[in-house]
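Some notes on the structure that comes next.
The values are calculated or read from the model by the stated rules, or taken from the named source; none is laboratory data. No experiment lies behind these values; they were computed from the predicted model shown. Here the Cβ is made from the backbone with ideal geometry for all residues, glycine too, and neighbour counts use every protein chain on show.
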Amino acid sequence: MINDAGKNTRKGMTKIIDGGDDMKRFLLIPAVLITILSCGNPYVIQPLQEQSAGQVPCEPDMIEVVQHKINPDGSENWMALCQGYTYSCVKGAGSQAQTSCQKMESQMPE
């Protein structure tokens, strides 16, 4: 026979189990933000392509950006792939920072 305390316990357990929905929502928010802010995002890639275009012999839409990294100081590093060559690009921290790209010795990664 179940007493009132047992019923409350069961309701409490049900609430804890159902509380998983809140946890799913809590975990969903960072997952969505990471997806939006990832390198595959055109809002991230397009400016990097445009900044690279002034440094490599390709138009922005012909440049593939890979290995983009934002450093703790706000500077950025990425690889720009263009016409079979790989360029290592760096942009300093701040909105007025300069971008520079150097052709790397090795060919484009396969």
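Taken over the stretch 38-70, residues that are on the phi < 0 side of the Ramachandran plot and either crowded, with 19+ Cβ neighbours inside 10 Å or touching a residue at least 12 places away in the same chain (Cβ under 8 Å) (or both) amount to 22. Does the stretch 51-63 include one or more residues that are aliphatic (A, V, I, L, M) and part of a strand (DSSP E or B)? Looking through the stretch 51-63, none of the residues is aliphatic (A, V, I, L, M) and part of a strand (DSSP E or B). Whenever a residue of the stretch 87-107 is surrounded by 13 or more Cβ atoms within 10 Å (Cβ to Cβ), its partners that are modelled with pLDDT under 90, lying with C-beta atoms within less than 8 angstrom and at least six residues away or across chains, give the pairs THR99/GLY54.
For the subset of the stretch 64-101 comprising residues that are in a strand (DSSP E or B) and acidic (Asp, Glu), which member is nearest to ASN41 (Cα to Cα)? Out of the qualifying residues, it is GLU64.
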